[in-house]
């Protein structure tokens, strides 16, 4: 197996637990889209044209409320703002790629493809074939999302009872973030843990903000807290 | 509602544009050191902002009682992740914790 194939399959493997968590959401989306009055084809195509879970859920809600098109578009834009953060975060690791590759990987850039990829890149640094990892993770999620949407459309409201499989999603994120905190160098550990906790607390406080704005606000607070603490820490070190 | 296809197409283009924006622009400008440092805090901050509501919010409200099984199972998973640093074990232990709590908790 070539290096690029290996990176690709590593990406697919890293994505598997997230697939389990996402699958029920895809099915629920498919059923909701039908209920909102979208055709089978439109319901399915939204999963490949927009390809963004939360935005699709909110869109079906707005469609069923007969909201005007520009409101739906604006909502999609605001809900997906957080992807700019992912874009910024991954950018240093993808800067050597051609525009075609950048475009392909951007299309596949969801919460669930971002998480394992950035964890991998921060751990291993940039290698020649790193981008294949994100491609593997992204394509695995994309395929899973299309299939689960189709199944949801097919089954409609006859979706099996909640097996709590969606809990695999936060569990996978926990399994990814905790080791990052564990292995952080002593000087950065306090900043890292503070960033994590402050982001989490703000996410709770801002939970009721519309358009998932709470998520962005929380992430920004966490990033600022971490950066400031790291700065003051390294200054103390220089002065002492 | 206007033409849903047009709405989806524009919504999709905007989404793609935001995902593409900084990946495309990076390297075309000088990035300040502080900003580069700040980017390393994106993963823990974002992941934690995704995790906390899943554990603490139940049916739309904050629940920090012992009846919140997702919170308890999440804490078990955090402890497991800290000591094993193994993704699969963490997920399995967390799921098992939730199933057991649900099974025991049925009145």
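Between the stretch A:79-95 and the stretch B:81-102, what is the separation of their alpha carbon centroids in Å?
When both Cα centres are located, 29 Å separates them.
Go ahead and run the numbers for FRET between residue A:163 and residue B:63, Cβ-Cβ distance against an R0 of 22 Å, rounding to 0.05.
Details: r = 21 Å, r/R0 = 0.96.
With R0 = 22 Å, the Cβ-Cβ based efficiency is 0.55.
What spacing in nm lies between the two simple spin-label points modelled at residue B:75 and residue A:127, each 7 Å away from Cα in the Cβ direction?
3.9 nm
Which whole-number percent of Cα pairs in the stretch B:32-105 have a distance greater than 18 Å?
51 percent
Could you work out how far the C-alpha centroid of the stretch B:1-77 sits from that of the stretch A:134-151, in angstrom?
18 Å
Just to verify a number: FRET efficiency for residue A:4 and residue A:151, C-beta to C-beta distance, R0 = 25 Å, to 0.05? Could you put the intermediate results ahead of the total?
Numbers: r = 31 Å, r/R0 = 1.25.
After rounding, the FRET efficiency stands at 0.20.
Using bins 10 angstrom wide from zero, how does P(r) for the stretch A:1-46 break down, in % of all Cα pairs?
All Cα pairs considered, the percentages come to 24, 29, 25, 17, 4.
Using the beta-carbon distance between residue B:82 and residue B:13 and R0 = 45 Å, what value does 1/(1 + (r/R0)^6) give for FRET efficiency, to the nearest 0.05?
It comes out at approximately 0.60.
Can you give the average number of partner chain beta-carbon atoms within 10 Å of each beta-carbon in peptide A:10-16, as a whole number?
The mean count of partner-chain Cβ atoms within 10 Å per residue comes to 1.
So for the protein assembly as shown, Kirkwood radius off the Cα pairs, Stokes-Einstein at 37 °C and 0.692 mPa s: how many µm² s⁻¹?
Here the translational diffusion coefficient equals 158 µm²/s.
In whole Å, largest first, what are the principal axis extents of the Cα atoms in the stretch A:94-160?
Principal extents (largest minus smallest coordinate, Cα): 46, 25, 15 Å.
With equal scatterers on the alpha carbons only and no solvent term, can you work out the Debye log10 of I(q)/I(0) for the stretch A:1-126 at 0.11, 0.14 1/Å?
Scattering profile of the stretch A:1-126, log10 relative to I(0): -0.47, -0.72.
Enter the angle in degrees (range 0 to 90, nearest 10) between the Cα long axis of helix A:3-35 and the first principal axis of the Cα atoms of chain A, meaning the one along which they spread out most.
For A:3-35 against chain A, the angle is about 40 degrees.
Which residue, A:144, A:35, A:208, tops the fluctuation ranking in a GNM of chain A built on C-alpha contacts under 10 Å?
Looking only at A:144, A:35, A:208, the biggest GNM fluctuation is shown by A:208.
Given points 7 Å out from each Cα along the Cα-Cβ axis, report the residue B:6 to residue A:232 separation in nanometres with one decimal.
5.3 nm
Choose one answer from A:58, A:76, A:49: the residue with the largest mean-square fluctuation in a GNM of chain A with alpha-carbon springs under 10 Å.
For chain A, modelled as a Gaussian network with Cα springs under 10 Å, the answer is A:49.
Helix A:40-49 against the longest principal axis of chain A: what's the angle in degrees, Cα atoms only, rounded to the nearest 10?
20 degrees
For chain B, modelled as a GNM with alpha-carbon contacts under 10 angstrom, which of B:64, B:91, B:31 fluctuates the most?
Maximum fluctuation in the GNM of chain B, among the listed residues, is at B:31.
As a test of understanding, state the convex hull volume per residue of the stretch A:184-235 from its alpha carbons, in Å³.
49 Å³
From the helices alone, meaning DSSP H stretches of at least four residues, give me the mean residue ellipticity at 222 nm for chain B, per-run term -39500 (n - 2.57), in deg cm²/dmol to the nearest 500.
Values: 5 runs with 79 residues, N = 107.
Estimated from H runs of four or more residues: -24500 deg cm²/dmol.
Can you give the Rg/Rh ratio of the stretch A:155-215, where Rg is from the C-alpha atoms and Rh is the Kirkwood radius?
1.15
Computed from the coordinates by the stated procedures, all read-outs in this text should not be read as laboratory data. Everything quoted here is computed from the prediction, not taken from an experiment. Every residue, glycine among them, receives a Cβ derived from its backbone with ideal geometry; neighbour counts consider all protein chains shown.
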